Amino acid sequence: MKPMKKLLVLFLFILAAYLTNSQSMNIQLIPQPVEIHPMKGVFVLSKTAAIGYAQPESQRVADMLAQKLNAPTGLGLKAAQSTAAAIQLQLNASPDPRLGSEGYTLEVTSKRILLTANQQAGLFYGMQTLLQLFPKEIESPTPATAAWQVPAVQITDYPRFPWRGTMLDVSRHFFSKQDVMAYIEQLARYKMNTFHWHLTDDNGWRVEIKSLPKLTEVGAWRVERAGRFGERDAPKPGEPATYGGFYTHDDIREIVRYAQERFISIVPEIDVPGHSMAAIAAYPELSCRKDPNTRVDPGSKFSEWYGNGTFKMLVENALNPSDEKVYEFLDKVFTEVAALFPSPYIHVGGDECYKGFWAEDPGCQALMKKMGIRHVEDLQGYFMNRVEKILSAKGKKLLGWDEILEGGISPGATVMSWRGIKGGIEAAHLGHEVVMSPTTHAYLDYNQGDQTVDPPIYAGLRVSKSYSFEPAPDGVDPKFILGGQGNLWTEQVATLKHAEYMTYPRAWALAEVYWSPKETKNWEGFASRMETHFDRSDVAGVNYSRACYDPIVKTRTQEGKWLLELSAEMPGLDIYYTIDGAMPNRYSPKYAQPVELPKGPITLRVIAYRNGKPIGNMITLKRDELEKRR
Ligand code: ACM
């Protein structure tokens, strides 16, 4: 080859590499699709682009797409029935077996966008992917400016698991109807399809039950308290209960419809027999001691935890399993709940039930004798089997936390494994269907960064750990693993914005774990895509944690030396530190390997930089705090 020609070939090669790279750089999807082939070119959105749907039933998704595109672009696009629009939605005439009920294909060329699916859910998820292909300004709820174009690409996509969920606890703090809908909307954008709604607990009963009006007249309200949950003063006699709220049947129907339009199934949870102080405050006769002074708890210390999973309730918060009135009560509750929620499942809790009051109760002792139940713990099995019969009479399947395995439950019950995955493994071996949501990877109430930066909670969970979650363990028949979810308990979370902060980015990581193929999982790739979704969330006005930029501080002792170890989750950061209390910056020591800590007073300050600029929070730890990390 002549030198000139050689140069030209090299130039073209570099150009092609640059183009391919820049196009795939624009494609930053969460969750990552099964197959994605970037192509040359872009589709430019203009006001002449019609949105067409081939089948009338696809109008809802097409209208939603028009609305999403119109809000920021102001292009005034309309959706209409047609088969050859510039943006075309189409159901497959004969189902593509690979796509199942939620999969889709998306083909973008410079001329058109074609979205196909077997069912509406697939069109909806394809729409979410398409929106993520647009510049971040597409997330703006109000008019914005950007080059409204999409890189050419071919995508084939379908989920790994049918259950991709997030749980929100609305008992510890109440979230308004609008908050709940906003939360659901965000989940749908990441192809989550299940919203587990923790509606009842010790701190508030949030669902109207018309046949039991005191549940919300009394049970939905507690005394107002500030300060850390679990450390607050108990209600004083006669003190008015002013904090709370509940959802009426109309509210629930509206939220259920809103979720259905976003292909999210709502699984309601009525947590029994434990976690029932709000119900007992309304109807004390449901408990063993029937204490008429029982109040909805405002976040006081009413239990003791002994660190090995055992605990004691200082105030009774469990229903009495030996009283037939309790089952009449539950029948009424589940009659209304079953009618309000179309989900085949009702979650009945079953977690953390303290049996100490049962052990002392003559009625429970008599029941144990009659049933030949030798251990009080096994009364929970009796209770849950009664509950399962109530649900099945209403055509609903029982779902509960992994404690429902204790005392025996029928194989028809579905188990949500939260105390690690061992309950889920055991349940699958027994032939139960399982949803995995272990504290180790899926607890969204845990701290995301350093305990000194985020409000301290009893445990930490970083986004990279959530991303490393594998819901289908080796040795378990995967057909029993429905999928997984993230759980946001809200003891320390009082507002929607804080709920978002706790949820993201970990729920994005979990969304990818539950949707994308295991084989393509890659933390560095996810971390880079996550950053573009930070930018998108900034435009959308959705809160999230940036703890992934914060240094992780550990120490260890080796051969008599006390060593400091620094790292960060986000790849490519430089970590600078000082141990004399000086403000660290890029002129301070840059961390490269474990550093021996000296004797005497230390104030460690550490911060991450990227491209010469500080990023993330500075962590400051004095010697006594470092000692705790030895
Ligand atoms: C739970 O976290 N108590 C299910």
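Remarks
- Against the list (1) more than 19 Å from W401 (Cα to Cα); (2) assigned to a strand (DSSP E or B); (3) of a type in the set (S, T, N, Q), the condition N487 fails is (1).
- Single condition M384 does not satisfy, out of (1) within 16 Å of the ligand (Cβ to nearest atom); (2) of a type in the set (A, V, I, L, M, F, W, C); (3) outside any helix (DSSP H, G or I): (3)
- Candidate set from segment 420-453 (those that are farther than 30 Å from Y549 by Cβ and of a type in the set (V, I, T)); member that is surrounded by the fewest Cβ atoms within 10 Å (Cβ to Cβ): I425
- In this structure, E500 does not satisfy being modelled with pLDDT of 95 or more, in a loop (DSSP other than H, G, I, E, B) and surrounded by fewer than 24 Cβ atoms within 10 Å (Cβ to Cβ).
- Qualifying residue in segment 172-185 (condition: more than 30 Å from D297 (Cβ to Cβ) and in contact with a strand residue (DSSP E or B) (Cβ under 8 Å, 6 or more places away or on another chain)): no
- Residue that is under 26 Å from the mean Cα position of the chain (by Cα) and touching a residue at least 40 places away in the same chain (Cβ under 8 Å), where the choices are S276, S303: S276
- Residue count for segment 389-417, restricted to those that are surrounded by 21 or more Cβ atoms within 10 Å (Cβ to Cβ) and without any contact (Cβ under 8 Å) to a residue 60 or more places away in the chain: 12.
- Any chance L379 is within 16 Å of the ligand (Cβ to nearest atom), of a type outside the set (K, R), touching a Gly at 6+ places or on another chain (Cβ under 9 Å) and not in a loop (DSSP other than H, G, I, E, B): no
- Test set (1) of a type outside the set (D, E, K, R); (2) within 16 Å of the ligand (Cβ to nearest atom); (3) over 21 Å from E285 (Cβ atoms) - C353 fails condition number: (3)
To keep it simple, each residue is scored yes or no on (1) surrounded by 22 or more Cβ atoms within 10 Å (Cβ to Cβ); (2) out of contact with any Ser or Thr (no Cβ under 9 Å at 6 or more places or on another chain).
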site: E512; (1), (2): yes, yes
site: S528; (1), (2): no, yes
site: C548; (1), (2): yes, no
site: T557; (1), (2): no, yes
site: L563; (1), (2): no, no
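- Flag for S567 being under 33 Å from the mean Cα position of the chain (by Cα), closer than 30 Å to R232 by Cα, of a type in the set (S, T, N, Q) and modelled with pLDDT of 95 or more: no
- Check on K369, of a type in the set (K, R), surrounded by fewer than 15 Cβ atoms within 10 Å (Cβ to Cβ) and either more than 16 Å from the ligand (Cβ to nearest atom) or part of a loop (DSSP other than H, G, I, E, B) (or both): yes
- Entry remark, segment 424-457: residues being within 16 Å of the ligand (Cβ to nearest atom), closer than 30 Å to E625 by Cβ and either of a type in the set (S, T, N, Q) or part of a helix (DSSP H, G or I) (or both) number 5 in total.
- Scanning segment 175-205 for residues that are assigned to a helix (DSSP H, G or I) and not charged (D, E, K, R) gives Q178, V180, M181, A182, Y183, I184, Q186, L187, A188.
- Residue check for L379: buried (at least 22 other Cβ atoms within 10 Å of the Cβ) and more than 29 Å from the chain's Cα centre (by Cα): yes
- Segment 470-509 - residue that is among the hydrophobic types (A, V, I, L, M, F, W, C) and within 16 Å of the ligand (Cβ to nearest atom) and, of those, nearest to Y443 (Cα to Cα): L488
- For segment 509-542, taking the residues that are assigned to a helix (DSSP H, G or I) and of a type in the set (K, R), the one that is nearest to V180 (Cα to Cα) is identified as R536.
- In segment 399-423, the qualifying residues are those that are polar (S, T, N, Q) and either under 20 Å from the mean Cα position of the chain (by Cα) or within 14 Å of the ligand (Cβ to nearest atom) (or both), and the one that is nearest to S437 (Cα to Cα) is S417.
- Flag if T557 is assigned to a strand (DSSP E or B) and among the polar types (S, T, N, Q): yes
- Residue selected from segment 66-98 under the condition surrounded by 20 or more Cβ atoms within 10 Å (Cβ to Cβ) and in contact with a Gly (Cβ under 6 Å, 6 or more places away or on another chain), by the criterion nearest to Q55 (Cα to Cα): Q88
- Restricting attention to segment 423-441, the residues that are charged (D, E, K, R) and over 22 Å from R164 (Cβ atoms) total 1.
- Verdict on N617 being closer than 30 Å to D157 by Cα and in contact (Cβ under 8 Å) with a residue 40 or more places away in the chain: no
The values are calculated or read from the model by the stated rules, or taken from the named source; none is laboratory data. Owing to the predicted nature of the structure, the values given are computational and were not obtained by experimental measurement. Glycine gets a Cβ as well: all are built from the backbone with ideal geometry, and neighbour counts include every protein chain shown.
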